[in-house]
1. May I have the convex hull volume per residue, in Å³, for the Cα set of the chain?
2. Of the listed peptides 107-115, 136-144, what is their order by residue-averaged count of other C-beta atoms within 10 Å, with the highest listed first?
3. Compute the longest continuous run of the chain that contains no exposed GluC sites (Glu not before Pro); treat a site as exposed when its DSSP state is not H, G, I, E or B and it has at most 10 other Cβ atoms within 10 Å.
4. Send over a whole-number figure in Å² for the accessible area per residue of the stretch 52-309, probe 1.4 Å.
5. Give me the angle, in degrees from 0 to 90, between the Cα long axis of helix 94-107 and the longest principal axis of the Cα atoms of the chain, rounded to the nearest 10.
6. Rounded to the nearest percent, how much of the accessible area of the chain (1.4 Å probe, protein heavy atoms only) is carbon and sulfur?
7. Using the alpha carbons of the stretch 17-159, what is the convex hull volume per residue in cubic angstrom, as a whole number?
8. How much length is gained on full extension from D37 to Q232, taking 0.36 nm per residue of separation minus their Cα-Cα distance?
Amino acid sequence: MRYVFIKKVLQSLILFCLSLMATRNYAAENIYQAKIDKIVNDTVQPLIQEYNIPGMAVAVTLDGNHYFYNYGVMSEEAAAPITNQTLFEIGSISKTFTAILASYAAVSNKLSLSDHASDHLPDLAKTAFDKISLLNLATHTSGLPLFVPENIKNKDELMDYFKQWQPPYPIGTYRVYSNLGIGLLGIITAKSLQGSYDSLLKNIILTPLGMTHTYIDIPADKMKDYAQGYTQAGSPIRMKPAVLSSEAYGLKSCTHDLVRYIQANMNEITVDRKLQDAIDNTHLVYFKAEGITQNLMWEQYHYPTDIKELF
């Protein structure tokens, strides 16, 4: 899908917001608004043209104020305009929600990140998962590969795969980005909290944060808000449900809700204390590798950062 533009947009907007924060108190409000408008438009419009993007939504939150920018239409086949409620597939940002849910379980004393995976899944006893901690799963240091093998169609088959799997190098010594790792953490977290992952995500994170237009499975009456994705060749495409998709990359959300999520991560809104502690704990530093400071799924980079380091 046409996602190559996203990191360019984010970097430009982040750099702008940081510089603007330093001068916020010295600018008149109309000039302030004009600066935001200009940087967003100057960044987005060329990208829309370069990548032939039907529509895009951008939100900026700064000093408690929100600025929304909507461009184009939801699909090449329909004329419905992009709005603050348009649903986009947010991909691996979904992983940070799984990390928060695991952190919430830890704050609730339902698990510890020092636990080993097999402590919670006895079927994995006497396998490599006797040595893989939940922290390894949450920081891409388990050694598990990126993708779920294509022949695995359900979680029973996934468990059979895990029983046979062997780490390619000593656990905890390398960082390898992994859908399998965060997916397994999501399974363990849901088990510890005694619920389904999807319902726990909604009840513990989405609803309390006021993210009422964020879904794993989009309700039928909200499908009209679902933006169409396209391959680089221009063919329509959407994410299909698969094993671990909910935990690793399955969320769909809108700029209205994602601004709330950003604010919760920046302690800018009032959140239940336990949930806020869980969010804050996902920002703790665990190790550094190749210019990346690794938190629980979140990553930190030195400022300023070259765009190439973000790919």
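The values are calculated or read from the model by the stated rules, or taken from the named source; none is laboratory data. All values derive from a computational prediction rather than experimental measurement. Cβ coordinates were reconstructed from backbone atoms using ideal geometry, including for glycine residues, and neighbour counts include every protein chain displayed. The protein model used for the area step is the full one, side chains on, heavy atoms only, and it has no ligands, DNA or RNA in it. Shrake-Rupley method; radii C 1.70, N 1.55, O 1.52, S 1.80 Å.
1. Taking only Cα atoms, the chain has a hull volume of 146 Å³ per residue.
2. Numbers: 107-115: 14.9, 136-144: 25.7.
Taking the mean over residues of other Cβ atoms within 10 Å, the ranking is 136-144, 107-115.
3. Counting only loop sites that pass the neighbour cut-off, the longest clear stretch is 151-289.
4. With the other protein chains kept in place, the stretch 52-309 gives 47 Å² per residue.
5. That helix lies at roughly 60 degrees to the long axis.
6. That fraction is 55 percent.
7. On the way: hull volume 29.8 nm³, N = 143.
Each residue corresponds to 208 Å³ of Cα convex hull volume.
8. Details: separation 195, 0.36 × 195 = 70.20 nm, distance 2.85 nm.
Extra length from D37 to Q232 when fully extended: 67.3 nm.
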